[in-house]
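Visitor: Please see the structure below; I have some questions.
The values are calculated or read from the model by the stated rules, or taken from the named source; none is laboratory data. Predicted, not measured: the structure shown is a model, and the values here were computed from it. Cβ coordinates were reconstructed from backbone atoms using ideal geometry, including for glycine residues, and neighbour counts include every protein chain displayed. Note: accessible area is taken over every heavy atom of the protein model, side chains too, but ligands, DNA and RNA are not part of it. Shrake-Rupley method; radii C 1.70, N 1.55, O 1.52, S 1.80 Å.
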Amino acid sequence: MDFLYFPEDKSEYIPGIISVVIIFILSVLIVRLLIKASRKQVKQLEEQGYPVVYRDGFDPDKQTEGDADPQETVRKVNEQKAARNKPKA
């Protein structure tokens, strides 16, 4: 089994450990940047008037029960927005 190499001098492991730690930190940063960019895009879409439907409801903070159909959720949200935006007489 000559293809397995375990050095007797354990200091040879240090460069490998350092590279794994650097790659891990960079991957965490990239995931955080992607999440931040995604949230920014969702916010821009909401500002443009497009309803954003999540799997568990329209708004993650205000989950409604029984809204399994995304189209029905969008219709309800649009009705709520229209009711809020009506000028008061």
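Visitor: Take the range 1-50 and flag every residue that is under 30 Å from Asn85 (Cβ atoms), part of a loop (DSSP other than H, G, I, E, B) and open to solvent by 100 Å² or more (accessible area, probe 1.4 Å).
Guide: If the condition is that a residue be under 30 Å from Asn85 (Cβ atoms), part of a loop (DSSP other than H, G, I, E, B) and open to solvent by 100 Å² or more (accessible area, probe 1.4 Å), then Gln48, Tyr50 are the ones that fit.
Visitor: Further question: Restricting to the range 69-89, and then to whatever is modelled with pLDDT under 75 and part of a loop (DSSP other than H, G, I, E, B), can you tell me which residue is surrounded by the most Cβ atoms within 10 Å (Cβ to Cβ)?
Guide: The extreme case among them is Asp69.
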